[in-house]
Amino acid sequence: MRCVRSGLFALLAALLLLPLSTRADHPPSTTDKEVMLDETFSVDEGATLRLGLHDAHVRIETGHKSPARVQITLEADDMDEARDYYEQRNFRVRSDGGGLSITSESVNFGGGWFDGDPTGGAQIRVHVTLPTRFDLSGRTDDGDVLVDGPLEGTVDLATDDGALQLGSVTGASITLRTEDGDAQATELTADEILWASDDGDLDIESLTAKQRVQLRTEDGDLTLGDVSGPEIDLASDDGDVRIQRLAGQLSASLSDGDFEAARIEGRSAEIQSDDGSIRIGQLAAATSRLGSEDGSIQIGDLDGALDAETEDGDLDVSFAAAHPVTLRTNDGSIRLTLPASLAVTLDLDAEDIDLDGTLPSDALTIDDERVTGPLNGGGPTLDVRSDGEIEVRSR
């Protein structure tokens with residue numbers, strides 16, 4: 001018996017040492033592809049494409065004239081199982097008031113992962129060609145939606161576990177929702193733009209709204225290029241907000257993320273971050289209110305009235321022009337950078353104040369913890385309070 005066992009072990013070891021090409025009897029299986037539906041439908045410009053799909057990826061290609069074309073393709077490792085799965089899904093394409101309706105049914109399989117994949121590894125792809133001027137509405141459960149080309153129309157689109165990707169969209173309203181997927185767009189223009197996601201990131205190069213922009217994500221980031229509108233409302237719980245340029249009335253709320261912007265201008269800006277920092281390259285809003293609990297606030301070029309406060313972080317503000325400013329921090333320090341000729345009135349209160357010797361100080365009242373009085377004849381008041389240090393530098 002010992003000889004048999006040792007011989008068996010030797011044989012197994014020899015097999016394991018063989019090259020993979022020697023051991024493989026067959027090449028890896030390739031994914032099969034089959035067209036399940038390919039039809040054309042007469043449509044009217046300005047009509048609506050309605051989606052109600054489960055487990056299907058959708059590509060909408062615009063810029064075509066009527067008739068519209070719908071092609072459904074099935075890709076699978078096991079095409080026999082995949083065909084059965086496709087038939088159970090009951091895909092239907094119907095003409096709908098000059099538009100189109102594409103729907104499917106969900107399939108609930110019993111058992112668990114150890115029973116294997118009853119779909120045969122099926123991937124269902126829906127490709128639709130439409131005119132540029134068309135409305136879009138509906139939802140998908142587990143599939144992505146790609147709009148390839150410009151779209152002119154109202155959009156109300158949602159997906160649960162898929163991603164949304166749009167190019168240029170112009171319409172009366174644009175409403176987009178994702179649960180666990182990311183969303184991105186090149187250019188959105190509408191009266192109202194609403195975008196929401198639970199666990200996904202939002203990435204938009206350009207947004208222009210005549211009335212309102214509202215973008216919200218729970219656990220993702222907001223990355224925005226050029227944003228403009230009378231009312232802009234941004235919110236992220238556990239993600240960051242990054243903006244290239246924003247013009248309008250801004251309200252931004254963050255819990256655990258940072259806020260960064262290259263330039264903000266317009267009527268007003270109100271930004272609150274609980275545990276994150278606020279960094280703005282150029283802040284040119286007429287009035288701004290900034291607040292952070294545990295993060296710092298940094299402004300590279302301020303040209304507007306400002307009220308900023310942080311509990312445990314530092315404030316660093318560089319001035320481009322004279323405006324009323326109120327700055328507060330409890331456990332941090334404050335640094336001000338002023339043009340040498342800036343005409344303002346100082347009201348500084350801190351445990352330690354470091355005043356640049358190149359600033360004109362003849363009219364100032366200075367002691368260890370308080371500096372008051374006019375610079376260059378006086379002007380708007382810089383009301384600054386810190387339990388730590390205040391440092392004032394000229395440039």
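Some observations on this one:
- Subset of the range 77-94 (residues that are in a strand (DSSP E or B) and surrounded by fewer than 15 Cβ atoms within 10 Å (Cβ to Cβ)): Arg92, Arg94
- Among the residues listed as Leu74, Leu136, the single one being at negative phi, touching a helix residue (DSSP H, G or I) at 6+ places or on another chain (Cβ under 9 Å), in contact (Cβ under 8 Å) with a residue 40 or more places away in the chain and not in a loop (DSSP other than H, G, I, E, B): Leu74
- Unmet requirement for Asp331, which otherwise passes all of (1) of a type in the set (Asp, Glu); (2) touching a residue at least 24 places away in the same chain (Cβ under 8 Å); (3) within 20 Å of Thr372 (Cα to Cα): (3)
- Check on Thr345, among the hydroxyl-bearing types (Ser, Thr, Tyr) and in contact (Cβ under 8 Å) with a residue 40 or more places away in the chain: no
- Breaking point among (1) surrounded by fewer than 17 Cβ atoms within 10 Å (Cβ to Cβ); (2) aliphatic (A, V, I, L, M); (3) closer than 22 Å to Ser197 by Cβ, for Val107: (3)
- Qualifying positions in the range 129-175 - at pLDDT 95 or above, of a type in the set (Val, Ile, Thr) and buried (at least 23 other Cβ atoms within 10 Å of the Cβ): Val145, Val147, Val155, Val169, Ile174
- Pick from the range 96-122, criterion part of a strand (DSSP E or B) and at pLDDT 95 or above, ranking: nearest to Ala82 (Cα to Cα): Thr103
- Subset tally (residues that are closer than 27 Å to Asn108 by Cβ and either part of a strand (DSSP E or B) or free of Cβ contacts under 8 Å to residues at least 12 places away in the same chain (or both)) for the range 50-70: 8
- The listed residue being assigned to a strand (DSSP E or B), surrounded by fewer than 16 Cβ atoms within 10 Å (Cβ to Cβ) and in the same structural domain as Thr372 (by TED's automatic domain parsing), out of Ala269, Ala262: Ala262
- Pick from the range 342-381, criterion out of contact with any strand residue (DSSP E or B) (no Cβ under 7 Å at 6 or more places or on another chain) and on the phi > 0 side of the Ramachandran plot, ranking: surrounded by the fewest Cβ atoms within 10 Å (Cβ to Cβ): Gly377
- Number of residues in the range 285-303 that are surrounded by fewer than 22 Cβ atoms within 10 Å (Cβ to Cβ), without any contact (Cβ under 8 Å) to a residue 24 or more places away in the chain and either not assigned by TED's automatic domain parsing to the domain that holds Arg395 or not charged (D, E, K, R) (or both) equals 5.
- Counting only strands (runs of 3 or more DSSP E) that sit wholly inside the range 319-395, not one has at least 1 residues that are among the aromatic types (Phe, Trp, Tyr).
- The condition (being surrounded by 17 or more Cβ atoms within 10 Å (Cβ to Cβ) and not aliphatic (A, V, I, L, M)) is satisfied by just one residue among Gln214, Gln244: Gln214.
- Restricting the range 187-217 to residues that are basic (Lys, Arg) and more than 19 Å from Gly257 (Cα to Cα), the residue that is farthest from the chain's Cα centre (by Cα): Lys210
- Boolean, Val384 is closer than 22 Å to Ser292 by Cα and surrounded by 16 or more Cβ atoms within 10 Å (Cβ to Cβ): yes
- Qualifying position, being modelled with pLDDT under 95 and either out of contact with any helix residue (DSSP H, G or I) (no Cβ under 9 Å at 6 or more places or on another chain) or aromatic (Phe, Trp, Tyr) (or both), among Ala68, Ala47, Ala24: Ala24
- For the range 222-229, the condition holds for no residue, the condition being that it is more than 23 Å from Leu157 (Cα to Cα), in the same structural domain as Asp314 (by TED's automatic domain parsing) and either touching a helix residue (DSSP H, G or I) at 6+ places or on another chain (Cβ under 8 Å) or not polar (S, T, N, Q) (or both).
- Of everything in the range 124-157 that is touching a Ser or Thr at 6+ places or on another chain (Cβ under 8 Å) and of a type in the set (Lys, Arg), the residue that is farthest from Glu61 (Cα to Cα) is Arg139.
- Looking only at the range 186-203, residues that are under 22 Å from Asp160 (Cβ atoms) and surrounded by fewer than 24 Cβ atoms within 10 Å (Cβ to Cβ) come to 7 in all.
- Of all residues making up the range 250-259, the number that are surrounded by fewer than 24 Cβ atoms within 10 Å (Cβ to Cβ) and either over 17 Å from the mean Cα position of the chain (by Cα) or over 22 Å from Asn330 (Cα atoms) (or both): 1
The values are calculated or read from the model by the stated rules, or taken from the named source; none is laboratory data. Everything quoted here is computed from the prediction, not taken from an experiment. FYI the Cβ positions are ideal-geometry reconstructions off the backbone, even for glycines, and counts take in every protein chain you see.
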